[in-house]
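Since the structure comes first, as structure tokens, the remarks are kept for the end.
Laboratory data are not the source of any read-out in this text; all were calculated from the coordinates shown. Please read all numbers here as calculations on a predicted model, not as lab measurements. Neighbour counts are summed over all protein chains in view; Cβ atoms, including those assigned to glycine, are modelled from backbone coordinates with ideal geometry.
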Amino acid sequence: MNIIIAGDGKVGLSLTQKLSEEGHDLTLIDSNQKVLDSSVERYDVMGVQGNCASMRVLESADVRRADLLIAATSADEVNLLCCMTAQGLNPRLHTIARIRNPEYGKQIFTMRDVYKLSLIVNPEKQAAREIERLIKYPGFLQRDTFARSRVEIVELRVDEESILKNVALHELDNVIHCKVLVCAVSREGVAEIPDGNFVIREGDRLFVTAPAENLTLLLKHMGVIRKKAKRAIICGGGRIGYYLAEQLSRHGLTVQLIERDESRCIELAERLPGVYVIHGDASSQDLLNSEGVDKCDALVTMTSLDEMNMIISLYGKKCGARQIITKVGHTDNNSIYDNLGIGSLICPKELCCNNIVRYVRAMQKSEGAALTVHTIAEGQAEALEFLVDGQTMHAEEPLKNIRTKKNVLIACISHGSKTAIPSGESVFRRGDTVIVVAKGGMRLLQLNDIFE
């Protein structure tokens, strides 16, 4: 597809990397020539320097031949004007805009027909929603849902005291007394699709799939207490902090929001009447102690500095905070993060990019396209949900007779309201949904792509 990316910042660069790897023809627009030159040299893309909201610049980027435009500059207003102008020049164009300001949320929803946006992405709001899910369901580092929330793929870390340590996967059911499937393992930063002989080691990060009720049993049998969170401390009053505090407060949690900028504190206190807004430095041990970090159910660190977030999270872990969630700006240092043990990691940029990539894939092949796509193990693997239709090969055949490509695993089959982890005797039928896990680098646009 011909795709224009307007804005070559963090999100734009990440999208350029992901979409160029998938073989799309990309044109980048940015006002900074040096930034643009760097991306053009690094990837096989075209570059156009200028204001992406300008009709002249959009025509230089050949907008009339484009299939999709993604506006991801730092200014919401520029993104909106860019999409509207591009739509005027090419009415068949799909447009995606990054809109981050909370003040525009209701306005854009109400006037969505005027703006003609195909998709709106808000990295901060998406990150806040993901953090809220983790706080509501503690025990896992990450949760991704499929089959209308009946199936999940969750991430958990094997620590020194875990009952999973040194267990071979073919013995796992006897240890945890419930049926789950380990569909991927990340060890020392490298992901792999394991077989039954794989032995779990301390420090491994497991990606486990099962019906939701089985995952509840997994936590119970592992000795992880799922006590409902009642109090959360949020370090950092930026956009994510605002969205998260608003959501948690609405659901009845006591929220303490620490922000060092006094004027921002006043603004937050006015907009969040049910939240305790505290003016101070979240990296101060005295302040954290006085606010009861040792007794909080969840500590969420989301200042503007990754290093500061990690330090605060490490201190919260030392004090005994029950759950720790750390915001990071990028996920390039996952082996370091793993060794630090700073709880769940949230990367708004990655969440936003993954959402856009899912939309692009759905555009590519609407017939047979994945219903849901989630990136796991820091982008080294993907979990995809497909609908079995009349074109799907091997329907009604036992899985033991089907040859799939290397590093592909059929993780779950859903038939109506019934969901099961498959065995060699399992079959999928028309109307079923199938969840597939594949190692990164494979292009699976439809279910038939997994077969040899």
What does the helix-only formula give at 222 nm for the chain: each DSSP H stretch with n ≥ 4 adding -39500 (n - 2.57), the total divided by the residues, and the result rounded to the nearest 500 deg cm²/dmol?
-> -9500 deg cm²/dmol
To the nearest 20 debye, what is the magnitude of the charge dipole of the chain about its Cα centre, counting +1 on the Cβ of each Lys and Arg and -1 on the Cβ of each Asp and Glu?
-> 1120 debye
Report, ordered by chain and residue number, the lysines lying within cross-link reach of Lys227, taken as a straight Cα distance under 19 Å and ignoring same-chain residues fewer than 8 apart.
-> Lys136, Lys295, Lys317
Under the Karplus relation 6.51 cos²θ - 1.76 cosθ + 1.60, θ = phi - 60°, what is the ordered set of whole-Hz ³J(HN,Hα) values for the range 84-98, x standing for Gly and Pro?
-> 5, 5, 4, 5, x, 7, 9, x, 8, 5, 7, 10, 10, 10, 8
Within the range 80-226, percent of DSSP bridges classed antiparallel, to nearest 5 | 90 percent
Roughly speaking, what is the stretch gain from Lys34 to Asn407, that is 0.36 nm per residue apart minus the C-alpha to C-alpha distance, in nm to one decimal?
-> 130.3 nm
If contacts are Cα pairs under 8 angstrom and at least 6 residues apart, what is the relative contact order of the chain in percent?
-> 11 percent
Candidate aspartates and glutamates for bridging to Lys125, where Cα separation is under 15 Å - those fewer than 8 sequence places away on the same chain excluded | Asp76, Glu103, Glu246, Glu350
Gap separating the Cα centres of the range 207-228 and the range 288-329, nearest whole Å | 24 Å
Set Lys10/Lys405; Lys327/Lys400; Lys318/Lys406; Lys327/Lys406; Lys116/Lys349; Lys18/Lys165 screened for pairs whose C-alpha atoms are more than 31 Å apart = Lys10/Lys405; Lys327/Lys400; Lys318/Lys406; Lys327/Lys406; Lys18/Lys165
Ala420 to Arg92: FRET efficiency via 1/(1 + (r/R0)^6), r the Cβ-Cβ distance, R0 51 Å, to the nearest 0.05?
-> 0.75
At 0.36 nm per residue, minus the direct Cα-Cα distance, what do Val224 and Asn355 gain on full extension? Give it in nm, one decimal, please.
-> 44.1 nm
Ordering 17-25, 79-87 by per-residue average of other C-beta atoms within 10 angstrom, highest first, gives 79-87, 17-25
So for the chain, what are the equivalent ellipsoid semi-axes in whole Å, largest first, each being the square root of 5 times an eigenvalue of the Cα gyration tensor?
-> 35, 33, 19
In terms of the ratio Rg/(2.2 N^0.38 Å) built on C-alpha atoms, what value belongs to the range 354-450?
-> 1.03
Count the DSSP beta bridges whose two residues both fall in the chain, then state the antiparallel fraction as a percent rounded to the nearest 5.
-> 50 percent
For Ile311, the net charge from surrounding residues (Cβ-Cβ under 12 Å; K, R +1; D, E -1) works out to -1
Under the Debye formula (equal points on every Cα, no solvent term), log10 I(q)/I(0) of the range 231-322 at q = 0.20, 0.23 Å⁻¹ = -0.88, -1.17
Counted charge near Pro123, where neighbours are those whose Cβ lies closer than 13 Å (Asp, Glu -1; Lys, Arg +1) = +4
With Asp294 itself left out, Lys, Arg at +1 and Asp, Glu at -1 over residues whose Cβ is under 14 Å from its Cβ give +2
By the C-alpha gyration tensor axes a ≥ b ≥ c (rounded if a/c is under 1.5, else prolate when a/b exceeds b/c, else oblate), the shape of the range 60-191 is prolate
Based on Cβ point charges of +1 for Lys and Arg and -1 for Asp and Glu, what charge dipole magnitude is obtained for the range 354-450 about its Cα centre, in debye rounded to the nearest 20?
-> 200 debye
Length gained if Glu160 through Ser263 is fully extended, taking 0.36 nm per residue and subtracting the Cα-Cα distance, is 32.6 nm
